[in-house]
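Right, one structure below, let's go through it.
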Amino acid sequence: MGGKSLRLGFLTLAVLLLAAASEGAEPPPSCEAVRKVFQLRRLGPLGGVPEFPRAGVDLQVCTSKNPTCCTKKMEEKYQTAAKQDIQQVLQTSSATLKFLISHNAAAFQEMFEMLIRLAENYTSTLFCNAYGNMAAEATVPVQEFFTDVGLFLFGTDVSTEEFVNRFFDTLFPVVYNHVLNPGPTDISLEYGECLRVARRDIRPFGNIPEKAIEQMGRALLPSRTFLQALNLGIEVINTTDHLHFSKDCSRALLRMQYCPHCQGLTLSKPCMGYCLNIIRGCLADVAEVDLHWRGYIQSLEELSRAMSGAYNIEHVLLNFHSLVNDALVQAQINRPELSERVHKMCGPPVRKPKEFPGCSFDQNKDNQVLKMFSRDSEETLTNRRNAQGNRSERIAGNNCSLLMSGEEKMSLSFKGRPFFSVEFISHLRLYRAFYGGLADQLCGNELAAADGLLCWNGEDVVRSYTHRVVGSGIKAQSANPEVKVKGTDPVISQIIDKLKHVIQLLQGKSFPKYDKWDLQQTGSGGGVDEQISGDCDDEDGCGGSGSGEFKRVLKITDCKHILQTD
């Protein structure tokens, strides 16, 4: 509705444009046209609009030597409307970009959740099918491990090394009780705690825990960073969509958009050069985002390529159960040696009556999980690119064994295809210069008069704008004849700092332990780290638990409430 209202304000009765413009700055015989537009835009009570032109001695911005149809209160209403109009144009211009990022961020997050749940299913199936006697006791460590995976992936401050080690620590007493030293009774809680604490010294699983730590860190950290970066992209757009305009900018917008109304020129539009000077002045801070936005998109593209290779989260998660199986086999092979180590560190086993039953795998829940992850699901990212088939994985039999051929397992891995949407990155690449050309886009598409038409230059209707047109950015505004720009908005400076930081994360530079991401540094260079500074004064107003339950830290905008454009 806002976009439509704005267009009404600029284009109402467009057929009269030349006639209205030809009047020049001569006072209108009446204020009827002004009253109609004022009422149409619902700017305030119609009773406050004069019926005939009057002296405008009380006006502060829309001053004129001629009689005027504006009052001081009308000028205030117009100034509010002018800022709202620009806000609406900004939001309309970024709507498609905002939808693109938020929609894909939500889709990536949903896919990660399904991968985690399916990986948990594989691991539970391994215990239930191959190690049924300890399946029930293994349920808690398996659930806690994959809950930690989700918490880490979606932003919680947990350590991959810590939760991988915790999983194997907790698993060791179960393995000892049922594989290394089985008996008619269970080991006591105290003895189990000794085994848990001693696991890293005893090393029953060989180097498998270290291998799991490396794989989880290398796969989860880039994926977590990718999601955080998409979230920041939405934040950047929301910030630039709701700018705080300085006092001088607000007056310039009023002069450009509504001061012509005071002279009865309700249909005139600003000259292109005049519009560019004002909008470039008002969006000077936003233009400073351009360099870092380009680096942000380039870094997203580079990381997405890396994640489809060695850092493939899908491959790592869906093969975690194989690592667990290798760890259990390793313990069985070294059984005699391990028993001796355990005896030295914890003494002979202290036992108690058995408490745990056999396998208690939730058949219905995992059927539902697999159904959600079926290859014909419309929501999977890969199937949005290519229909992979309609065969779904299945749990078969009451013994909770997962029937899956090699071909089916390869299908779940999408046969080596990149997990991240190629279309998303290619579409996002089209918006690399979005902030650098934003002012030109607004004037060219919405605000300014077309070439060759009479236009408003801030004082009168003319055939061309004669003042110098300045460039974009803070430095260029020193020569702006229409708007005085005093410095960078702190809010924009903050969002630039966040972009710099996330670029470092995307390039793997802020993680010493996982700094081997094979990213090609092409394009951003040192420019991404340039410091943006400027002065600003007060006048401008600068100023969980359980399987599958993850604490969502990523703030995804609800796509249903984002303006969609054709």
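General observations
- Span from the segment 323-338 Cα centroid across to the segment 185-242 one, whole angstrom: 22 Å
- Computed over neighbours whose Cβ is under 13 Å from that of GLU51, the net charge equals +2, Lys and Arg +1, Asp and Glu -1.
- Inter-label distance for GLN494 and VAL329, nm, one decimal - labels placed 7 Å from Cα along Cα-to-Cβ: 5.4 nm
- Backbone N within segment 173-215 under 20 Å of label point (7 Å from ASN133 Cα along the Cβ vector): 173-189, 191-193, 195-196, 204-205
- Computed E for ALA450/HIS501 - FRET, C-beta separation, R0 56 angstrom, nearest 0.05: 0.85
We did not get these values from a lab; they are worked out from the coordinates using the rules stated. None of the values given here were measured: they were computed from a predicted structure. Cβ atoms come from the backbone with ideal geometry, glycine included; neighbour counts cover every protein chain shown.
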